[in-house]
Amino acid sequence: MISAAVGAAITCGATFGFVAEAAATPARLIILRHGEKSDPYRLCEIGRRRARALVEQYLGRDAERSYFAPGTAPEAIFTISIHTVETASPLANSWDLPQAFYSVLPVGKAPKLFDSDLAKRTKQAAENLLNNPRFDGKTVVVVWEHNHIADASLPPGRRALTLRQALNLDQLPGVPETWPDNTYDYFWIVDYKPGNPVPVSFRMEKQVFTGKYADLPHNDWGQPEGLDVRETDCEP
């Protein structure tokens, strides 16, 4: 199932040479959720189209409204689940980059164990991002599972295992405490200064597509997507 979803090489996050001696912070993180899904193993057609639209209009090498300055590229693309791998594969292909895959697969796992594994791998990814010299001063794209980006329903100790806390976003005003279940269409843009693991700025930007992708959902933060599940293969 993974090989069907992945169009670019995948490498374990540990191969990035994690060093924990001193903060070596990226200049920017672009955090987004995977596309809409059909089941635990696949994106639905809308999610697959969103993945292609992200490349063509925002994040790809020749994107129409690129988030990367001319002559620059993402240093890495982080993923954690099958849905995130499928979402990130067109992007990784565009830049000819492997994915740093912090692999968590749902096969044969009870929901609590799957969630626990997602939390552990989220913590590992955050530690790598804030300490690995490879990412110092670079831009990294993080395609993640939404409950492990931010979830205020978790007890305090568990919240520390979300990107919001593990990347110190909770120390900035205006960072949502939860990523809503029905929201697939936003970027979190996080900027750091050299050597400081606490970010200096945060903003949310909506994915609003044009042309052949103009029909993709672009609901406001926390609002319903408005999909008729009887007419799509997406989960309600």
> Given the options Leu113, Leu29, Leu130, which has the most mean-square fluctuation in a GNM of the chain, springs set between C-alpha atoms less than 10 angstrom apart?
Replying inline: Leu113
> Tell me, in nm to one decimal, what length is gained between Ser103 and Ala73 on full extension, where the rule is 0.36 nm per residue of separation less the Cα-Cα distance?
Replying inline: 8.4 nm
>> How far apart, in nanometres, would the label points at Gln223 and Glu235 be if each is projected 7 angstrom from Cα along the Cα-to-Cβ direction?
In response: 2.4
>> Whole angstrom only: what separates the Cα centroid of region 181-223 from the Cα centroid of region 56-78?
In response: 15
> What does the helix-only formula give at 222 nm for the chain: each DSSP H stretch with n ≥ 4 adding -39500 (n - 2.57), the total divided by the residues, and the result rounded to the nearest 500 deg cm²/dmol?
Replying inline: -7000 deg cm²/dmol
>> For Tyr58, Tyr67, Tyr41, give me the order by solvent-accessible area with a 1.4 Å probe, most accessible first, ignoring ligands, DNA and RNA.
In response: Tyr41, Tyr67, Tyr58
>> Under the 0.36 nm per residue contour assumption, what length would be gained going from the current alpha-carbon distance of Arg203 and Asp96 to full extension?
In response: 35.7 nm
> Over the chain, what is the relative contact order in whole percent, taking alpha-carbon pairs under 8 Å and six or more residues apart?
Replying inline: 28
> Quick one: length gained pulling Lys120 to Arg158 fully straight, 0.36 nm per residue minus the C-alpha distance?
Replying inline: 12.7 nm
> Which whole-number percentage describes the relative contact order of region 113-230, with Cα contacts under 8 Å and a sequence gap of 6 or more?
Replying inline: 20
> Which one of Gln99, Pro111, His218 is farthest out on the positive end of the charge dipole of the chain, using unit charges on Cβ (Lys, Arg +1; Asp, Glu -1) and the Cα centre as origin?
Replying inline: Gln99
> Put Leu105, Leu154 in order of accessible area, largest first, 1.4 Å probe: what do you get?
Replying inline: Leu105, Leu154
>> Taking a ≥ b ≥ c as the square roots of the Cα gyration tensor eigenvalues, with a/c under 1.5 meaning rounded and otherwise prolate when a/b beats b/c, else oblate, which class fits region 82-221?
In response: rounded
> Ordering Ser94, Ser81 from largest to smallest accessible area (1.4 angstrom probe), what's the sequence?
Replying inline: Ser94, Ser81
>> As a test question: what accessible area, to the nearest 10 Å², does Asp62 have when a 1.4 Å probe is rolled over all protein chains in place?
In response: 140
> Accessible surface of His148 in the full protein assembly, 1.4 angstrom probe, to the nearest 10 Å²?
Replying inline: 10
> For the chain, what size does the Cα cloud have along each of its three principal axes, sorted from largest down, in whole Å?
Replying inline: 52, 43, 37
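The values are calculated or read from the model by the stated rules, or taken from the named source; none is laboratory data. None of the values given here were measured: they were computed from a predicted structure. Because the Cβ atoms are built from the backbone with ideal geometry, glycine has one as well, and the counts that use them run over all protein chains shown. Protein only, heavy atoms only, side chains kept; ligands, DNA and RNA dropped before computing areas. Shrake-Rupley method; radii C 1.70, N 1.55, O 1.52, S 1.80 Å.
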